[in-house]
Amino acid sequence: MPLVLPPSVLGFYLLVAFSPQHGVGKWLLETFNIQFVFSFQGLVLASVIYSMPFMIGPVRSALQQLPKSLAQASYTLGKTEWQTFRYVLLPNIKPSLFTAIVLTFAHTLGEFGVVLMIGGNIPGITRVASIAVYDSVENMDYASANTYSLILFGITFMMVMSVFIYNKTQTKSPLE
Amino acid sequence: MISIDIEKKLKGYGGQQWLKVKRDFATGGIIQIHGPSGIGKTTFLKIIAGLIQPEKGIIKVDDVLWLDTSAKISLSPQKRKTGFVFQDYALFPNLNVQQHLEYATNDKEWIQRLLHIGKLETLSTHKPEYLSGGQQQRLAILRALAIKPQILLMDEPFSALDKQMKLELIVELKQLFSELASTAFIVSHNLQELENLDLTDFIDLGKANFY
């Protein structure tokens, strides 16, 4: 669902779910003194929920592409499912895993709707880069907006390049 | 004694057919499994290993029940611990030759002996992609032997080896099978290929409803 839901809708439901006035949010606050709404922890949780499918999709697809016999060979050697995953399957999907981690992080970095909903826009606590850009434009402070945007652009560009270079070194030509 | 009585539905291009095997095999023997493509040779090996479940059946190894579908008993592949040589080798791309064997056993001396038998000592730091087809196949055999299996299941294990290498390896394997008292089930298209292995039994899965 997080893949297809508008971010603001997902953010709204998370806001309602974790509201300290009732339900789960109230219980968390009273029992563990944790408040997810308008807090940094809330931002992290919402980002994880929102971005998880972008991570799971490529990783699951990479695992499905591995020959079944790899896991079967490991089982016949007496290894458990966890050992097989840790020592055989995971190392053999490294490029896909790296791509998924970097792209998910980059995607999260630019998230706007969800984080604004659950985090608000509290300077020093929940104001993230993408919201800062929006704020600067709202205040007609184009110089700051430009600086923030350039930093985000630079970080994202470096991430995409690192994925591209890493995958190029890891992937062999079929003719080799 | 290994008692096998299994029935497995197979799906193929020609529709459905049944793989039925009911036989007893002496432990410590070498059994050749023969039959045309698609008849269920690999499936038969995987059923013994616990990697595939049959519709119906019982497998008993030295009075230990590995499988009884009516009693819903089925030992996991990890507990059966059969040595399995896969037709596609199923080597782990991230591990080198030495690491393949270390993944299977902690016995350093045994690893060194296996490397010597497979003539892979000088290639111990090589990953599978840097090995020839024959070297990969030998590594697959050594990895299966590394766990000193009670039952060894080999799916076309010598197909990529040249004649000389095959003969040398077979001599060593005969010695190892006898030392480990392993029972080997070997799938082979070539009826002559295994004649130097002193086969003790032979089954042709091509014969319908094999009993």
Sequence neighbours fewer than 8 away in the same chain don't count; with that in mind, list the lysines whose C-alpha is under 29 Å from A:K168. A:K68, A:K94, B:K127
Enter the Cα centre distance for the pair the stretch A:61-111 and the stretch B:1-63, rounded to the nearest angstrom. 31
Within a Cβ distance under 13 Å of B:A140, other residues only, what is the Lys/Arg minus Asp/Glu net charge? -1
Which net charge results for the neighbourhood of B:Q99, defined as the other residues with beta-carbon distances under 11 angstrom from its beta-carbon, given Lys and Arg at +1 and Asp and Glu at -1? +1
Using a Förster radius of 41 Å, what is the FRET efficiency between A:M52 and B:L75 based on their Cβ-Cβ separation? Nearest 0.05, please. 0.70
Equivalent-ellipsoid semi-axes (√(5λ), Cα gyration tensor) for the protein assembly as shown, whole Å, largest first? 56, 26, 18
Label points 7 Å out from Cα along the Cβ direction at B:D107 and A:F105: separation in nm? 4.5
Roughly speaking, what % of Cα-Cα pairs in the stretch B:54-211 are separated by over 22 Å, rounded to a whole number? 45
Straight-line reach check, B:K72, cutoff 20 Å on alpha carbons, 8 or more apart in-chain or any other chain, hits among aspartates and glutamates -> B:D5, B:E7, B:E55, B:D62, B:D63
Over 23 Å (Cα to Cα) - which of B:K119/B:K163; B:K20/B:K163; B:K60/B:K166; B:K9/B:K81 fall in this group: B:K20/B:K163; B:K60/B:K166; B:K9/B:K81
Per residue, what volume in Å³ does the Cα convex hull of chain A take up? 166
Quick check: from the Cα gyration tensor, does the stretch A:70-141 come out rounded (a/c under 1.5), prolate or oblate? prolate
What shape does the stretch B:1-133 take by its C-alpha gyration tensor, where a ≥ b ≥ c are the square roots of the eigenvalues and a/c under 1.5 counts as rounded, a/b above b/c as prolate, and the rest as oblate? prolate
Beta bridges per DSSP with both ends in the protein assembly as shown, % antiparallel, nearest 5: 60
Could you work out, residue by residue across B:88-97, how many beta carbons of other chains sit within 10 Å of that residue's beta carbon, and then give the average as an integer? 5
Lys/Arg Cβ at +1, Asp/Glu Cβ at -1, dipole of chain B taken about the Cα centre: which of B:L101, B:G50, B:G83 is farthest positive-ward? B:G50
With +1 on the Cβ of every Lys and Arg and -1 on the Cβ of every Asp and Glu, the dipole magnitude of the stretch B:39-166 about its Cα centre, in debye rounded to the nearest 20, is 120
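Quick note: the coordinates plus some simple rules give every number you see, no bench work behind them. As the structure is a prediction and not an experimental result, all values here were calculated from the model. Every residue, glycine as well, gets a Cβ built from its backbone with ideal geometry; the counts of neighbours run over all protein chains shown.
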